[in-house]
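Reading through the structure tokens given below for one structure.
The values are calculated or read from the model by the stated rules, or taken from the named source; none is laboratory data. Computed from a predicted structure; not experimentally measured. FYI the Cβ positions are ideal-geometry reconstructions off the backbone, even for glycines, and counts take in every protein chain you see.
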Amino acid sequence: MEGLPPIIDSKTKILILGTCPSEESLQNKKYYQKSGNILLKVIGLNKDYSEKELLNKNIGFWDVFKNFEYSNKIGSSDKGRIFGEVNDFQKKIFNNKCNITSIIFNGYGSCKTKEKKRTSAVKEFLNKYDSSLKEKDIFWIILPSTSPNNRAIIDDEQKLFIWKQTLERLKNENP
């Protein structure tokens, strides 16, 4: 299955990267549509947000992986997916006139690749693009996943606090 296209423009300062879209997001052709995911609440958007509303906040969405397949059907958890290639960030971001100053990884993105290798979305991204991040002086951070799948680790109140504080700081540092 193919993921969703990126939502970014020349004014995007903060790029939020997930692992891949949920089933609900694929059906609705919009990021963060899974019931219980709190990211849209964090940034002040409803589920029926427009791309323009998101971009007006100087925030963009994309996923690390371009494609994936289900290894077994266990909802939209990343654990039930096998991931293919990483999206072409070089072409879309690093080689373009991009003004992204920060990348937030929405969770660590523990996953399995087609080669049956256990890894993470963050690790796969950094293996491929670490030098580009350094060259462009793009700050990156891993925050707790906004997905409802990890509520046993950290509750929604804590996630909201961490995400809001981080976004506020990044926006203030890069107006």
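Side notes on the structure shown:
- From the options Leu15, Leu40, residue that is within 21 Å of Glu168 (Cβ to Cβ) and either among the acidic types (Asp, Glu) or out of contact with any strand residue (DSSP E or B) (no Cβ under 6 Å at 6 or more places or on another chain) (or both): Leu40
- Summed over the stretch 24-40, the residues that are part of a helix (DSSP H, G or I) and either in contact with a helix residue (DSSP H, G or I) (Cβ under 7 Å, 6 or more places away or on another chain) or crowded, with 18+ Cβ neighbours inside 10 Å (or both) give a count of 3.
- Some residue of the stretch 157-175 being modelled with pLDDT of 85 or more and part of a loop (DSSP other than H, G, I, E, B): no
- Residue in the stretch 1-15 that is nearest to the chain's Cα centre (by Cα), counting only those that are in a strand (DSSP E or B) and within 20 Å of Lys97 (Cβ to Cβ): Leu15
- Residues that are on the phi > 0 side of the Ramachandran plot and over 14 Å from the mean Cα position of the chain (by Cα) within the stretch 16-60 comprise Lys29, Gly36, Gly44, Asn58, listed in sequence order.
- Residue ID - modelled with the highest pLDDT, chosen from residues in the stretch 54-81 that are within 16 Å of Glu2 (Cα to Cα) and charged (D, E, K, R): Asp63
- Number of residues in the stretch 41-51 that are crowded, with 17+ Cβ neighbours inside 10 Å and assigned to a helix (DSSP H, G or I): the value is 3.
- Cβ pairs under 6 Å, 6+ apart, first in the stretch 118-134 and in contact (Cβ under 8 Å) with a residue 40 or more places away in the chain, second part of a helix (DSSP H, G or I) and crowded, with 18+ Cβ neighbours inside 10 Å: Tyr129/Phe89
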